[in-house]
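J.: I have a structure here, written as structure tokens, and I will follow up with some questions on it.
The values are calculated or read from the model by the stated rules, or taken from the named source; none is laboratory data. Small disclaimer: the values here were computed from a predicted structure and weren't measured. Glycine also receives a Cβ, built like all others from the backbone with ideal geometry; neighbour counts cover every protein chain displayed. Just the protein is used for accessible areas: all its heavy atoms, side chains included, with ligands, DNA and RNA removed. Shrake-Rupley method; radii C 1.70, N 1.55, O 1.52, S 1.80 Å.
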Amino acid sequence: MANGIDEDVEAAKSVLRGKSCAPAEALALAKRLKSKDQFGWARKVLAKVRSSRIPDRTLELKLGQLHALCTYKDPDLPELRKLKDALRILEETDSLGQTTDPETLGLAGAIHKRFWQATGQRKHLEVSLAYYYRGYHCGIQNDFGYTAINAAFLLDLLAHLEEESYSTAGVPTLARSLDKREEAAKIRSEIVRSLPRTAELDGNEWLKKAWWFYATMAEAYFGLGPEHHADSTKWLRDGLSLRDIPTWERAS
């Protein structure tokens, strides 16, 4: 693995020194660097390649999305700066007010969730939920439950924060908090019902080899309550039996 990292880092350095690199090659290189937790090198390669016009819109979108992800995950950048930069990259790539691309919406949700972690400002959680919720309504099959499971988590988190506030003030929990809990449970139930069927469709065979599939199922079952924790454990064990799960994926 060390040799593989060294080779890709050297390839990245060559690109940054001016070696020609087609956009598709840069995307493949950045993906390999990302899988080895080399977010900084991936980010620099993507910035270099994206500085020139890319006529292929699909490729341009993938490069921009990966550039945003590698920017906010780069541990060597100051937290607020990298979040602002990632959001700017995403907006330049795919208009956040108009997009229906679940990858873009999921990235926007993740960035605002990190803004909340960095600042403690609840408004960022609300915006994060809005992006994840839009992604969920694009269809669970379109991003294999990623935005849906995050929407469910944030609904519960916001409900919890509201309930804490009510408790501090000595007032009963309001109905809107309970509504969030119910919506979160509905989304999780939809995930555990539909995602395994999605994995059985032609062309989706790779999903059963992806850590995210098992992690999403495990989280959905866990969130449905103690009576489903055994199912959650089973999905986690199945996922952990996969080989070569990138460190950053386990951490996420």
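J.: Given the whole protein assembly as supplied and a 1.4 Å probe, what does the accessible area of Lys113 come to in Å², nearest 10?
T.: Lys113 has an accessible surface of roughly 40 Å² with all protein chains in place.
J.: Moving to a separate point now. Per the helix-only calculation at 222 nm, which mean residue ellipticity applies to the chain, given -39500 (n - 2.57) for every DSSP H run of n ≥ 4 and division by its residues, nearest 500 deg cm²/dmol? All intermediate terms of the calculation are to be shown ahead of the outcome.
T.: Working: 13 runs with 188 residues, N = 252.
Calculated at 222 nm, the ellipticity per residue is -24000 deg cm²/dmol.
J.: Still on this structure: Computed over the Cα atoms, what is the radius of gyration of the chain divided by 2.2 N^0.38 Å, N being its residue count?
T.: 1.09
J.: Same structure, new question: Quick check: the angle from helix 57-72's long axis to the longest principal axis of the chain, C-alpha only, nearest 10 degrees?
T.: The helix 57-72 is inclined about 70 degrees to the chain.
J.: Which shape class, rounded, prolate or oblate, goes with the range 110-181 when its Cα gyration tensor gives a ≥ b ≥ c as root eigenvalues, a/c under 1.5 marks rounded, and past that a/b bigger than b/c marks prolate?
T.: Values: a/c = 3.32, a/b = 1.60, b/c = 2.08.
Oblate.
J.: Using a Cα distance threshold of under 13 Å, what count of lysine pairs results for the range 14-70 when pairs must be 8 or more residues apart or interchain?
T.: Going through the range 14-70 pair by pair, I get 4.
J.: Sticking with this structure for a sec: Relative to the present Cα-Cα distance, how much length would full extension add between Glu7 and Glu126 at 0.36 nm per residue of separation?
T.: Values: separation 119, 0.36 × 119 = 42.84 nm, distance 4.20 nm.
38.6 nm is the gain from fully extending Glu7 to Glu126.
J.: Suppose a student asked you for the relative contact order of the chain, using Cα pairs under 8 Å spaced at least 6 residues apart; what percent would you report?
T.: On the way: 301 pairs, mean separation 29.7, N = 252.
Relative contact order of the chain: 12 percent.
J.: Still on this structure: Once the Cα atoms of the range 1-59 are picked out, what are the Rg and Dmax in Å?
T.: Computed over the Cα atoms of the range 1-59, radius of gyration and Dmax are 11.0, 35 Å.
J.: Excluding residues fewer than 8 places away in the same chain, name every one of the lysines whose C-alpha is closer than 18 Å to that of Lys180.
T.: Within the straight-line limit of under 18 Å, Lys180 reaches these lysines: Lys113, Lys123.
J.: Kirkwood hydrodynamic radius, the range 20-135, all distinct C-alpha pairs: what's the number in Å?
T.: Details: mean 1/r = 0.0699 Å⁻¹.
Over the range 20-135, the inverse of the mean reciprocal pair distance is 14.3 Å.
J.: With every protein chain present, what is the per residue accessible area of the chain (1.4 Å probe, Å²)?
T.: Details: 13250 Å² over 252 residues.
That works out to 53 Å² per residue.
J.: Kirkwood Rh over Cα pairs of the range 147-230 into Stokes-Einstein at 10 °C, 1.306 mPa s: D in µm²/s?
T.: The Stokes-Einstein estimate is 113 µm²/s.
J.: List the lysines whose Cα lies under 23 Å from the Cα of Lys234, skipping any in the same chain that are fewer than 8 positions away.
T.: Lys186, Lys208, Lys209
J.: Find how much the distance from Leu161 to Glu60 grows on full extension, using 0.36 nm per residue of separation minus their present alpha carbon separation; answer in nm with one decimal.
T.: On the way: separation 101, 0.36 × 101 = 36.36 nm, distance 3.88 nm.
Taking 0.36 nm per residue and subtracting the Cα distance, the gain is 32.5 nm.
J.: Using 1/(1 + (r/R0)^6) with R0 = 25 angstrom and r between the beta carbons of Leu240 and Lys186, what's the FRET efficiency to the nearest 0.05? Walk me through the intermediate numbers first.
T.: Details: r = 28 Å, r/R0 = 1.12.
In this case the efficiency is close to 0.35.
J.: Another one. Leaving ligands, DNA and RNA out of it, rank Arg32, Arg114, Arg193 by accessible area with a 1.4 Å probe, largest first. Walk me through the numbers on the way to the answer.
T.: Details: Arg32 100, Arg114 65, Arg193 130 Å².
Putting Arg32, Arg114, Arg193 in descending order of accessible area: Arg193, Arg32, Arg114.
J.: While we're looking at this one, here's another question. For the range 186-225, what class follows from the C-alpha gyration tensor (a ≥ b ≥ c being the square roots of its eigenvalues): rounded when a/c is under 1.5, otherwise prolate if a/b is larger than b/c, else oblate?
T.: Working: a/c = 4.03, a/b = 1.67, b/c = 2.41.
It comes out oblate by the Cα gyration axes.
J.: Give me the three principal axis extents of the range 113-252 from the C-alpha atoms, as integers in angstrom, largest value leading.
T.: That gives 51, 32, 27 Å along the principal axes, largest extent first.
J.: Something else now. Between 0 and 90 degrees, rounded to the nearest ten: what's the tilt of helix 39-50 against the longest Cα principal axis of the chain?
T.: Result, in degrees: 60.
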